[in-house]
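Visitor: Take a look at the following structure, please.
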Amino acid sequence: MWWKVHQWVGLKLSLFMTFILFTGTSAVLSAEIDWLLQPSLRVAPASVEGPIAWAEIADNARGYPGVARATYISAPTASAFAVKVAVEDEAGDLFFLHAHPTTGDIQGAGPWVGAHRVLRNMHRHLNLPTSLGVPIVSSLAFLLLISLVTSFVVYKKWWRGFAKPLRNRDARTWWGDFHRLAGVWSLWFVALITLTSLWYFVESLGGNAPPHPRVERGAPVEKGQSDEGSLAAAIEAALEAYPGLEVKNVQLPGEEGVLQLNGEYQAVLVRPRSNAVYVDARTGEVLLTTDGRELNLHQRVGEIADPLHFGYFGGYWTKVPWFLFGLATTGLSLSGAAIYSLRIARERGDRVRLGRSFSGMWQGMGRWRWLSNSLIAIGFLFLAFLILGIP
């Protein structure tokens, strides 16, 4: 019975599960994919000297041809990355500008819908409205949980499998050995992804944590009243009020005149938004500071999910292992389907070959294959809408 349950949850939605696992794995390095595809996003690390020139970057972005408004600035992902500035044109279309971190020079523009947005949106909610897409995708956590629990029963003495080699006797044996080897090494990772995905499911149904303290945006100031030249002073005031804050993004003041800096401080495994400082850009008055260490338990659970799910909390020391274990977990989904396909081939008396590893998977999924294919097709359909800017 345990084996049949393990097989059923691993096979029936295997196409959709593999798709979500692969897009999530790719999303871990989505910024690096954009770096490869967009030359203006690259800088020579040796040319970066001193702190990020936030104010100069904002001024240069606002003066860039075709820019009507600049909204926020993101710190470089790594030493060879440019700063990203989110801007919009007169028509309201969004795109990014890439600026040198210390000189503030604009190196070029990039699309709003790059690899980062495509992979994150596809993985998180299939480009559907989040209220619909997030619970659909995160519900796969229940299948992962069942697969994880049943694997301890199906794989007898699983703790002995960490060093077992892959045998090449036939395709069925090879896939079986791979499935068990990747499975035992990925147990912790599958458990982690399952738990964080369950939390996303809870959030999508209204169980999200209370919002962080923030400054309520007041009435818009009169046009021309906000002094553009005060931005550098406002940023300086913010950094003086929050010594030690490693700024990750700057929310530029809009009509309300409020500047917001977010970053990393002493709290571990929280998103940059947990550590914030708000400043009146017109007067330099510090309005509010928040510290991630002061969050309650519910808020900390909400904050810890993203860093653990995508593994970006330790830079490349965590992103690379997360990517590799993500590939292994994707391989688990594929290899489970291959094992089923080859078992069916053996029962029919067909020759068991590697080339036939997935020939029986389509039939084995039954009617569930249409659900998997439909969900994947919906993701690509709404991706086209996203790229074309169709609401």
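Visitor: Lysines within cross-link reach of Lys84: Cα-Cα under 18 Å, excluding same-chain residues under 8 positions apart?
Guide: Lys248
Visitor: Turning to a different aspect of this structure: What do you get for the angle between helix 231-241 and the principal long axis of the chain? Use alpha-carbon atoms, 0 to 90 degrees, nearest ten.
Guide: Taking Cα atoms only, the helix is inclined about 70 degrees.
Visitor: Given a 10 angstrom Cα cut-off, can you work out which residue in Ser30, Ser74, Ser131 is the most mobile in a GNM of the chain?
Guide: Largest GNM mean-square fluctuation: Ser131.
Visitor: While we're on this one: In debye to the nearest 20, how big a dipole does segment 5-153 give about its Cα centre with +1 on each Lys and Arg Cβ and -1 on each Asp and Glu Cβ?
Guide: Using Cβ point charges on Lys, Arg, Asp and Glu, segment 5-153 gives about 660 debye.
Visitor: Taking the Cα centre as origin and putting +1 on Lys and Arg beta-carbons and -1 on Asp and Glu beta-carbons, what dipole magnitude results for the chain, to the nearest 20 debye? Walk me through the numbers before you get to the answer.
Guide: On the way: 35 positive and 31 negative charges, 756 e Å.
It works out to roughly 3640 debye.
Visitor: Give me the net charge for the shell around Ser74: Cβ to Cβ below 11 angstrom, other residues only, Lys and Arg +1, Asp and Glu -1. It would help to have the intermediate numbers written out before the result.
Guide: Details: positive: Lys84, Lys248; negative: none.
Around Ser74, the charge tally is +2.
Visitor: Related question: So, counting K/R as plus one and D/E as minus one, what does the shell of residues with Cβ under 14 Å around Phe152 add up to?
Guide: Residues close to Phe152 contribute a combined charge of +4.
Visitor: What whole-number distance in Å separates the alpha-carbon centres of segment 42-108 and segment 9-30?
Guide: Segment 42-108 and segment 9-30 have Cα centres separated by 33 Å.
Visitor: Which loop trypsin sites (Lys or Arg not before Pro) in segment 144-203, with loop taken from DSSP, have no more than 12 other Cβ atoms within 10 angstrom of their Cβ?
Guide: Counting only loop positions with at most 12 other Cβ atoms within 10 Å, the trypsin sites (Lys or Arg not before Pro) in segment 144-203 are Lys156, Lys157, Arg167, Arg169.
Visitor: Can you give me the Kirkwood hydrodynamic radius for segment 32-111, using every pair of distinct Cα atoms, in Å to one decimal?
Guide: Kirkwood radius, segment 32-111: 12.4 Å.
Visitor: Among His98, Gly284, Met365, which residue has its Cα furthest toward the positive end of the charge dipole of the chain, with +1 on Lys/Arg Cβ and -1 on Asp/Glu Cβ?
Guide: Of the options given, the answer is Met365.
Visitor: For the chain, what's the relative contact order in percent, using C-alpha pairs closer than 8 Å and at least 6 residues apart?
Guide: Value for the chain: 21 percent.
Visitor: In what sequence, highest mean first, do 328-340, 45-57 appear when ranked by Cβ atoms within 10 angstrom? Before the final figure, lay out the partial values.
Guide: Working: 328-340: 23.1, 45-57: 15.6.
The packing order, highest mean first, is 328-340, 45-57.
Visitor: Give me a comma-separated list of calculated 3J(HN,Hα) values for segment 130-141, in order, Karplus coefficients 6.51, -1.76, 1.60 applied at θ = phi - 60°, integers in Hz, x for any Gly or Pro.
Guide: 3J(HN,Hα) across segment 130-141, in whole Hz: 4, 5, 9, x, 4, x, 5, 5, 5, 5, 4, 4.
Visitor: Give a residue-ordered list of calculated ³J(HN,Hα) values for segment 283-295 (Karplus: 6.51 cos²θ - 1.76 cosθ + 1.60, θ = phi - 60°; whole Hz; x for Gly, Pro).
Guide: 3J(HN,Hα) across segment 283-295, in whole Hz: 10, x, 6, 7, 8, 6, 10, 10, 10, x, 6, 9, 5.
Visitor: What ³J(HN,Hα) values, in whole Hz, does the Karplus curve 6.51 cos²θ - 1.76 cosθ + 1.60 give for segment 309-323 when θ = phi - 60°, with x put for Gly and Pro?
Guide: Karplus values, whole Hz, x for Gly and Pro: 5, 9, x, 8, 6, x, x, 6, 5, 10, 4, 5, x, 4, 5.
Visitor: Need one number: nm distance between label points at Leu205 and Asp291, each 7 Å from Cα along Cα→Cβ, rounded to one decimal.
Guide: Result: 3.6 nm between the two label points.
Visitor: Only four residue types carry charge here, +1 at the Cβ of Lys and Arg and -1 at the Cβ of Asp and Glu. Report the dipole size of segment 130-178 about the Cα centre in Debye, rounded to the nearest 20.
Guide: Working: 7 positive and 2 negative charges, 74 e Å.
My answer is approximately 360 debye.
Visitor: Also, quick follow-up: Defining a contact as two alpha carbons under 8 Å apart and six or more residues distant in sequence, what relative contact order in percent does segment 156-217 show?
Guide: Averaging sequence separation for qualifying contacts and normalising by length gives 24 percent for segment 156-217.
Visitor: Ok, one more. Which angle from 0 to 90°, rounded to the nearest 10, does the C-alpha axis of helix 368-388 make with the longest principal axis of the chain?
Guide: For helix 368-388, the angle is close to 20 degrees.
Visitor: Something else about it: Starting from the Cα of Lys12, draw a straight line to each of the lysines and keep only those under 17 Å, dropping any in the same chain fewer than 8 residues away.
Guide: Lys4
Visitor: Further, regarding this structure: Note the listed values (1) 77, 48, 34; (2) 67, 46, 43; (3) 81, 42, 41, then indicate which one is Cα extents along the principal axes in Å calculated from this particular structure.
Guide: Evaluating Cα extents along the principal axes in Å on these atoms matches (3).
Only the coordinates and a few stated rules stand behind these numbers; no lab work does. None of the values given here were measured: they were computed from a predicted structure. Please note: Cβ atoms are built from the backbone with ideal geometry, for glycine as well, and neighbour counts cover all protein chains shown.
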